[in-house]
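Read the structure below first, then the notes.
The values are calculated or read from the model by the stated rules, or taken from the named source; none is laboratory data. Keep in mind the model is a prediction, meaning the values are calculated, not measured. Cβ placement follows ideal geometry from the backbone for every residue including glycine, while neighbour counts extend to all protein chains displayed.
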Amino acid sequence: MTGGAPVRARVELVGVTPEQFPEWLAASTAWYAADMVRHALMSEQDAGEKAAADMAALLPAGEETAGHTIAFVVDPEGGERFGWVWFRLIRRASGPVMFVYQIEIAAPHRGRGLGRAVMLAVEERARTAGAGAVELNVFAGNAVARALYRSLGFGEYAIGMSKPLD
């Protein structure tokens, strides 16, 4: 791009319907397991089991679990799906925070500012809900996501480390 202000990606967050939930759950669980294999040094079997258990614990009533927002990231003009985001308002003693469980932009759509647009949309929802912060977890090896979050003003407060032994 030459000259002028950068183009800002626009997205719409469209809630996952009960009919779409099984599709989303399968994709989300597989994505989470693959991320644990790639970044958390887990075997495929262990990652698959942990992903399934975590999803069951976080969404015990499936799409009926209260308080969670699961939305497809959609082009507001053409309706094309770019990925998804999952977040929830959590009430803590220090005040409410919006916690982002997952944000996924499909590979063909990455590098176009969509992740930034989604995070800004989540921030707006957080402000509207009275949250004082947005929080999330990200694997240390996910340099692209960490750079995005830092550029949006997130600060790191914990790093897990591991050393495989022979």
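Quick notes on this structure:
- For Gly62, the requirement of being surrounded by fewer than 17 Cβ atoms within 10 Å (Cβ to Cβ) and at pLDDT below 95 is met.
- Pair list, Cβ under 6 Å, 6 or more apart: the range 144-166 residue in contact (Cβ under 8 Å) with a residue 60 or more places away in the chain, other residue surrounded by 10 or more Cβ atoms within 10 Å (Cβ to Cβ) and among the hydrophobic types (A, V, I, L, M, F, W, C): Ser162/Leu41
- Just one of the listed residues (Ala47, Ala40, Ala53, Ala33) is more than 21 Å from Val122 (Cα to Cα), out of contact with any strand residue (DSSP E or B) (no Cβ under 9 Å at 6 or more places or on another chain) and loosely packed, with under 13 Cβ neighbours inside 10 Å, namely Ala53.
- Val74 meets each of the listed conditions (1) closer than 24 Å to Glu19 by Cα; (2) in contact with a helix residue (DSSP H, G or I) (Cβ under 9 Å, 6 or more places away or on another chain); (3) surrounded by 13 or more Cβ atoms within 10 Å (Cβ to Cβ) apart from (2).
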